[in-house]
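To keep things clear, I will list the structure first and then write my remarks on it.
The numbers here are math on the coordinates, done by the rules we state, and not lab data. Small disclaimer: the values here were computed from a predicted structure and weren't measured. All Cβ positions, glycine included, derive from the backbone under ideal geometry; neighbour counts span all protein chains shown.
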Amino acid sequence: MAHDSHEPQVVVLPPDKEKIMHLWKVAGILLVITIFEFIVAFTMGHGSLKTAIFVGMTIIKAFYIVGEFMHLRHEAKVLIWSILIPTVFIIWMLVAFVYEGMKLSDINFLKF
C-alpha cells in the first residue's frame, strides 16, 4: 500500500536584492534625520526654535514611516489627502489652543 502524503511543499525563493536595498535606503534616511535631531539636541540651547525643529523632524519622520512601512505612498491620491488634510487641521488646532492658552495664562498671571 502506497503512502499518499498531502504535506505542503516549501519553496524557498532567493532574496529580492531590490527590496533589500530599498529597506537600507529607508533606514539610512531615518538615520540621517535622527542624527540631525541629536545634533540639534546637544548643540542648541533651550528655546522655541529647538522645539520647532524637533516637532518638524518628528512630523517628517512620521510621514516617511507611514508612507513607506504602511504603504500609504503607493495608495490612491484621494486616500492620502483624506488622511493628510485632517492631520493638518488637528496640528493647526493644537497650535492655536497652545497659543491661546499661553496668552490667557499671561493675562491671568498679570492680574494677580
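Identify which of Lys17, Lys25, Lys77 has the largest mean-square fluctuation in a Gaussian network model of the chain, with springs joining Cα atoms closer than 10 Å. The residue that fluctuates most here is Lys17. The spread of Cα positions in the range 44-103, taken along each principal axis and listed from longest to shortest, comes to 41, 26, 12 Å. Under the simplified labelling scheme, the Tyr64-Thr34 pair shows an inter-label distance of 1.1 nm, with each label point 7 Å from Cα along Cα→Cβ. Computed on the chain, the Cα convex hull volume stands at 228 Å³ per residue.
The lysine pair tally for the chain, using Cα distances under 21 Å and a gap of 8 or more places or different chains, is 7. For the pair Leu49 and Lys25, the difference between a 0.36 nm per residue extended length and the Cα-Cα distance amounts to 5.7 nm.
At a 10 angstrom cut-off on C-beta neighbours, averaged per residue, how do the peptides 60-73, 35-48 rank from highest to lowest?
Packing order, densest peptide first, comes out as 60-73, 35-48.
Projected onto their three principal axes, the Cα atoms of the range 16-74 cover extents of 45, 20, 8 Å, largest first. For the chain, the longest principal axis of the Cα atoms and the long axis of helix 77-111 meet at an angle of about 30 degrees. Angle between the Cα long axis of helix 48-69 and the longest principal axis of the chain, 0 to 90 degrees, nearest 10? It works out to around 20 degrees. Which FRET efficiency, nearest 0.05, do Val88 and Leu13 yield, Cβ-Cβ r, R0 30 Å? Result of the calculation: an efficiency of 0.15.
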